[in-house]
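The values are calculated or read from the model by the stated rules, or taken from the named source; none is laboratory data. All values reported here derive from a predicted model rather than from experimental measurement. Every residue, glycine as well, gets a Cβ built from its backbone with ideal geometry; the counts of neighbours run over all protein chains shown. Remember, those area values only see protein heavy atoms, side chains included, never the ligands or the DNA or RNA. Shrake-Rupley method; radii C 1.70, N 1.55, O 1.52, S 1.80 Å.
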Amino acid sequence: MEKKGFLGDILIIIAGLFWGSMGIFVRHLNDLGFSSIQVACLRLTTAGILFALILLIKERKGFKIKARDIPLFLALGIVSILFFTCCYFTAIRLMTMSTAAILLYTSPIWVMILAIIFLKEKITVQKIIALILAFAGCVLVSGFGGKITIAGILVGLGSGLGYGLYSIFGTFA
């Protein structure tokens, strides 16, 4: 087995474990008195420091950005990542983790809606079927039920919108 490919596989598994266990840490920090915004800031600050250290060690030229790209990076960081993280962590606090996850994964629907509006993308039957199947798959895997609130649904949908914006802004970045 190729060593580099194996390391990549291990890193993907670790990333999945971190992503999947995030809700547990959010709940625990909420129980300790941290707000959703504080937990989001803690997560993003820690990630930013780790990424900066890795970039400093592996590829210093990654710190150089063009002035014209600053608005795009701000949109990517504040409008999508910070917004999605705060909404997602609030949804976890207000509802079950599975319901929050299902609403987060409405992001493909938001991406399609935004692509239709701003990029004049064509909507097809295949795209609609794919979105329905993807959403149904999330519901079947996560389950649906437990504590559901209007505020939770709104911030959960906001997390999906923010996550969708991340993929759109990321494409341009």
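Working note: 222 nm ellipticity from helices only, DSSP H runs with n ≥ 4, each -39,500 (n - 2.57), summed and divided by the residues of the chain, gives -25000 deg cm²/dmol to the nearest 500.
Of the residues ASP31, ASP69, the one with the largest accessible area comes first in the ranking ASP31, ASP69, computed with a 1.4 Å probe on protein heavy atoms. Legend: translational diffusion of the chain by Stokes-Einstein, Rh = Kirkwood radius over C-alpha pairs, 37 °C, 0.692 mPa s; D = 184 µm²/s.
For TYR163, the accessible surface of its heavy atoms amounts to roughly 70 Å² (probe 1.4 Å, protein chains only, rounded to the nearest 10). A Cβ-based charge dipole, computed about the Cα centre of the range 1-141 with Lys and Arg at +1 and Asp and Glu at -1, lands at about 480 debye. The mean sequence distance of close C-alpha pairs (under 8 Å, at least 6 residues apart), as a share of the length of the range 65-154, puts its relative contact order at 43 percent.
Computed extension gain for THR171 through ILE150, at 0.36 nm per residue and net of the alpha carbon distance, reaches 4.4 nm. Here is what passes the span test in the chain: the DSSP H helices with alpha carbon length of 24 Å or more along the helix axis and a Kyte-Doolittle mean of 1.6 or above are 36-58, 125-142. The distance from the alpha carbon centre of the range 56-83 to that of the range 112-132 is 28 Å, rounded to a whole number. Per the Cα gyration tensor, the range 85-173 maps to an equivalent ellipsoid with semi-axes of 24, 16, 9 Å, ordered largest to smallest.
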